[in-house]
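A short write-up of the structure that comes next.
The values are calculated or read from the model by the stated rules, or taken from the named source; none is laboratory data. Computed from a predicted structure; not experimentally measured. Cβ: placed from backbone, ideal geometry, glycine included. Neighbour counts: every protein chain shown.
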């Protein structure tokens, strides 16, 4: 194929193949609430609720002066990567190597994005990231929202594996709060939890979670995976790590999330730029470069809309 020459950044998420791959691998993008951003930061109002009461005929309306209202800030983080491609591979390959690399970049970005949003244990001040992860936020107290540090962070007992009550507890924490919406509740889990669900048995050794017709533990017959009736999205980024990475190696996480409170800022979609091998950076070696980048933000609407189960092994 002839060498491609284009200088502008081309959004690749408009490609059905790429956007489908991103959504398959990123639970946050698949379920989160999209917030368009035209600048580096954006404020989204957060209401603490409104207290209602009865009013006598002709009586005055009661005024709620105790509920705090504030805003959640979204700060865009830049994601990027580059890959060299020899001009010979561009010219000689029967396969579309540019499209293949673009889809691979979408997969890597999706895993990195989920990890940075959900599972990073360090604060943004130590990672250099633009925002804190859900995991970190659930380890911190928030005087404005009233959340108490570690209240919604649960861990399995070391050496005991995932037990039935381990799975019930984080769901109960979200269901019993003011931010429970059964129509918007989703489960995000690392794929290793699929086998953990298969291993949960009753006192007679019988599996509690029957597999779906597609072999996924916890799923209903003929449908996708579910846990206690709520859809499960498997995410390879849902493992703890000290800093954001597309290949985390820490403890697997299962996250109960009210999707309405999972805010995803979209400053710039995943885009690609081709630096040709004739006049660009790789002119001396006939090497073209594909550069990929995206600018996204993440914020938690309220800590009590989420709960985490961490499998410590």
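Residue 274: within 17 Å of residue 32 (Cα to Cα) and either surrounded by 19 or more Cβ atoms within 10 Å (Cβ to Cβ) or touching a helix residue (DSSP H, G or I) at 6+ places or on another chain (Cβ under 8 Å) (or both), yes or no? Spelling it out, it is not the case that residue 274 is within 17 Å of residue 32 (Cα to Cα) and either surrounded by 19 or more Cβ atoms within 10 Å (Cβ to Cβ) or touching a helix residue (DSSP H, G or I) at 6+ places or on another chain (Cβ under 8 Å) (or both).
Is at least one residue of the stretch 276-292 at pLDDT 85 or above and within 24 Å of the chain's Cα centre (by Cα)? Taking every residue of the stretch 276-292 in turn, at least one turns out to be at pLDDT 85 or above and within 24 Å of the chain's Cα centre (by Cα). Here residue 64 meets each of (1) closer than 18 Å to residue 275 by Cβ; (2) surrounded by fewer than 18 Cβ atoms within 10 Å (Cβ to Cβ); (3) more than 24 Å from the chain's Cα centre (by Cα); (4) in contact (Cβ under 8 Å) with a residue 12 or more places away in the chain with one exception, condition (1). Going through (1) more than 17 Å from residue 26 (Cβ to Cβ); (2) crowded, with 22+ Cβ neighbours inside 10 Å; (3) without any contact (Cβ under 8 Å) to a residue 40 or more places away in the chain one by one, residue 225 falls short only on (1). In the stretch 94-103 there is no residue matching the filter, namely being surrounded by fewer than 19 Cβ atoms within 10 Å (Cβ to Cβ), modelled with pLDDT of 95 or more and more than 19 Å from residue 257 (Cα to Cα).
A single entry from 57, 23 fulfils the requirement of being over 28 Å from residue 179 (Cβ atoms) and either at pLDDT 90 or above or not in a strand (DSSP E or B) (or both): 57.
Here is a yes/no grid of residues against (1) touching a strand residue (DSSP E or B) at 6+ places or on another chain (Cβ under 8 Å); (2) touching a residue at least 24 places away in the same chain (Cβ under 8 Å); (3) within 28 Å of residue 159 (Cβ to Cβ):
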position	(1), (2), (3)
253	yes, yes, yes
256	yes, yes, yes
279	no, no, no
293	yes, yes, no
303	yes, yes, no
312	yes, yes, yes
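Among the residues making up the stretch 122-134, those that are farther than 16 Å from residue 295 by Cβ and touching a strand residue (DSSP E or B) at 6+ places or on another chain (Cβ under 7 Å) are 127, 133, 134. Being surrounded by 14 or more Cβ atoms within 10 Å (Cβ to Cβ), in contact with a strand residue (DSSP E or B) (Cβ under 9 Å, 6 or more places away or on another chain) and closer than 16 Å to residue 239 by Cβ is the requirement here; does residue 194 meet it? Considered against the rule, which asks whether it is surrounded by 14 or more Cβ atoms within 10 Å (Cβ to Cβ), in contact with a strand residue (DSSP E or B) (Cβ under 9 Å, 6 or more places away or on another chain) and closer than 16 Å to residue 239 by Cβ, residue 194 comes out as yes. Residues of the stretch 209-228 that are more than 30 Å from residue 132 (Cα to Cα) and at pLDDT 75 or above: 209 alone.
Taking the criterion of being under 23 Å from residue 250 (Cβ atoms) and either out of contact with any helix residue (DSSP H, G or I) (no Cβ under 9 Å at 6 or more places or on another chain) or surrounded by fewer than 16 Cβ atoms within 10 Å (Cβ to Cβ) (or both), the residues of the stretch 142-164 that qualify are 149, 150, 151, 155, 157, 158, 159, 160, 161, 163.
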